[in-house]
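Below you'll find the structure, written out as structure tokens, and then a few comments.
The values are calculated or read from the model by the stated rules, or taken from the named source; none is laboratory data. Just so it is clear, the structure is predicted and the values come from calculations on it, not from any experiment. Virtual Cβ from ideal backbone geometry, glycine too; neighbours counted across all protein chains shown. Just the protein is used for accessible areas: all its heavy atoms, side chains included, with ligands, DNA and RNA removed. Shrake-Rupley method; radii C 1.70, N 1.55, O 1.52, S 1.80 Å.
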Amino acid sequence: MTSETIQILISMVCYMLVVVGIGLFFAKRAKQSSDNYFLGGRSLGPWVAAMSAEASDMSGWLLMGLPGVAYWCGLADAAWTAIGLAVGTYVNWLIIAKRLRNYSVAAGNSITLPEFFSNRFNEKKKVLLSISAIFILIFFTVYASSCFVTCGKLFSTLFDTDYHTMMILGAAFVVFYTFIGGFLAESASDFMQAIVMIFALVVVLVVGVVNAGGIGQVIENAKSIDGYFMLTGIASPEVDANGVQISGLFGEAQPYGFLSIISTLAWGLGYFGMPQVLLRFMAIRKADELKRSRRIATVWVVISLFVAVMIGIIGRSVYPTHEGLNTSSGAENVFITLSQNLLPPLLAGIVMAGILAATISSSDSYLLIAASAFAKNIYGGLAKKDASDKQVMVTSRIVLLIIAIIGVVIAWDENSVIFTLVSFAWAGFGATFGPVMIMSLFWKRINQKGAVAGMITGGVMVFVWKLLLNPIGGVFAIYELLPAFILSLIAIVVVSLLTKKPDEEITKTFEKVKAMSKGNFIEQN
């Protein structure tokens, strides 16, 4: 190991120690109750709520996946995805946040997403609770695996070591951290990690532009590649039978038409069903602080997404034929390559910590929410209704460990593309929970049967479209989130209208929350 690598390692170890310190600081409070462990006692301030929501949402794909897409095939796919996400972020904070904060308290002081859906419709048999908990387990396991892939790629590339060993060590660290701290530790560290992430992005952007010869040279290089710097066309790297780009060559650009643009913009729909973001809405201490949180979150997201896309474009200018970036999977290392080669070792270590920050901030959220979905809702809500707080928390940690092991298995293929894993899980959450969340908050006529139909339709259609219809091509080649989201909405409306209206108690609660949409939050009992 060279002296430069040792300096990078020292910087990253120091960062990890700070993260562990935050977890230990909040450990005592987290152990007081499952409410504190899973939702932090609804005590988040506006800055922590906003920054932790976006850090946990973006994950390692912001620093690896998105720049990798831009590096590999140019502006269009990455830029339209970023635009969709930026718009989705703003709209979600604008129309969902306050209503959900109020409704989650009014609906039995719900502290998990499955619990909110179940309480919203006064379920007796807990059908919605069970279905939503199962889907959370499925999609967050995939999400966690994408984070483990990020850890494996980061450390194996950085220290020239075995991918599998590094991936397992990264997963073990995340599990340990989530074990000790719970939601408060996760949110506090995510706030810090959001700062580290945007610092890392901006530093690499500036250094990359300088080494590329200026922004003019970057743009000129991008325009010289057919379709690379267009929003209505996409570049086509020429690859051999193994998917390796041949000497940095590109073929004729492919069209990026209206259907592709709408499909990619649909990424923004995912926010309405993203548990790690929705829980921050539920956890903020006062609903009237959400306006400030919205502004903070939107500014952070716009800057981060723009810079991430530009880093991919800059990387192609600085390293047009780099051996480690010549596959669609390897292209996701462009941020690491730029940092490692262009920055002083200690600063590179801090920047690399940005990737680690993104990974930890997401994976701890995914593991905690998935574990809580089973422990709090299925185990404590159905299997053992008299379970104590201690039993629920012990169960959550066991489930967390099992989910992490399954995530490691999924992440075992070192050629896994982070962007692909994230896009599937994102579609799953967006289509499963997004339509049900919107209609539950804003349509009085929705009933429990309609919510069940929408949730199942959205979740199942993500699999059907991705695995069966998408390979057909043509109109079926669109991102699975869009058709699944639309079909879920249709299912909710049709089934709700064909079945019995919700009872008076449910309607009264809906009207109560609606009336408070311009007021302050509902006080907890």
Quick one: count up the residues across segment 468-507 that are farther than 19 Å from residue 440 by Cβ and over 26 Å from the mean Cα position of the chain (by Cα).
4
Considering only segment 113-133, I want to know if a residue exists there that is β-branched (Val, Ile, Thr) and within 18 Å of the chain's Cα centre (by Cα).
no
Considering only residues that are assigned to a helix (DSSP H, G or I) and either at pLDDT below 75 or at positive phi (or both), which ones fall in segment 383-392?
383, 389
Being in contact with a Pro (Cβ under 9 Å, 6 or more places away or on another chain) and open to solvent by less than 10 Å² (accessible area, probe 1.4 Å) is the filter here, so list the residues in segment 50-86 that pass it.
78
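Determine which member of the set 97, 76, 86 is modelled with pLDDT of 90 or more, in a helix (DSSP H, G or I), in contact with a strand residue (DSSP E or B) (Cβ under 6 Å, 6 or more places away or on another chain) and over 24 Å from residue 175 (Cβ atoms).
Details: 97 fails: in contact with a strand residue (DSSP E or B) (Cβ under 6 Å, 6 or more places away or on another chain); 86 fails: in contact with a strand residue (DSSP E or B) (Cβ under 6 Å, 6 or more places away or on another chain).
The conditions single out 76.
Return yes or no: is residue 210 aliphatic (A, V, I, L, M), free of Cβ contacts under 8 Å to residues at least 40 places away in the same chain and open to solvent by 50 Å² or more (accessible area, probe 1.4 Å)?
Working: aliphatic (A, V, I, L, M): yes; free of Cβ contacts under 8 Å to residues at least 40 places away in the same chain: yes; open to solvent by 50 Å² or more (accessible area, probe 1.4 Å): yes.
So residue 210 passes the test.
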Could you list all residues from segment 213-249 that are at positive phi, open to solvent by less than 30 Å² (accessible area, probe 1.4 Å) and not in a loop (DSSP other than H, G, I, E, B)?
248
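Would you say residue 47 is surrounded by fewer than 24 Cβ atoms within 10 Å (Cβ to Cβ) and at pLDDT 95 or above?
In short, no.
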From the list 195, 134, pick out the single residue that is open to solvent by 10 Å² or more (accessible area, probe 1.4 Å), closer than 18 Å to residue 274 by Cα and in a helix (DSSP H, G or I).
134
Among the residues of segment 296-336, how many are open to solvent by 30 Å² or more (accessible area, probe 1.4 Å), without any contact (Cβ under 8 Å) to a residue 12 or more places away in the chain and under 24 Å from the mean Cα position of the chain (by Cα)?
1
Where residues in segment 1-20 are more than 15 Å from residue 192 (Cβ to Cβ) and of a type in the set (A, V, I, L, M, F, W, C), which of them is surrounded by the fewest Cβ atoms within 10 Å (Cβ to Cβ)?
1
Can you tell me how many residues within segment 457-486 are surrounded by 17 or more Cβ atoms within 10 Å (Cβ to Cβ), hydrophobic (A, V, I, L, M, F, W, C) and touching a residue at least 40 places away in the same chain (Cβ under 8 Å)?
5
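Within segment 399-417, which residues are outside any helix (DSSP H, G or I) and open to solvent by less than 70 Å² (accessible area, probe 1.4 Å)? If you could, list the steps in order and put the result at the bottom.
Restricting attention to segment 399-417, the residues satisfying the condition of being outside any helix (DSSP H, G or I) are 411-417.
Residues satisfying the conditions are 411, 416, 417.
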In the list 350, 284, which residue meets the criterion of being closer than 30 Å to residue 117 by Cβ and either touching a strand residue (DSSP E or B) at 6+ places or on another chain (Cβ under 8 Å) or of a type in the set (A, V, I, L, M) (or both)?
284
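Listed here are the residues, each with its yes/no results for (1) in contact (Cβ under 8 Å) with a residue 40 or more places away in the chain; (2) over 18 Å from residue 198 (Cβ atoms); (3) of a type in the set (Val, Ile, Thr).
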| residue | (1), (2), (3) |
| --- | --- |
| 62 | yes, no, no |
| 71 | yes, yes, no |
| 77 | yes, yes, no |
| 80 | yes, yes, no |
| 87 | yes, yes, yes |
| 90 | yes, no, no |
| 96 | yes, yes, yes |
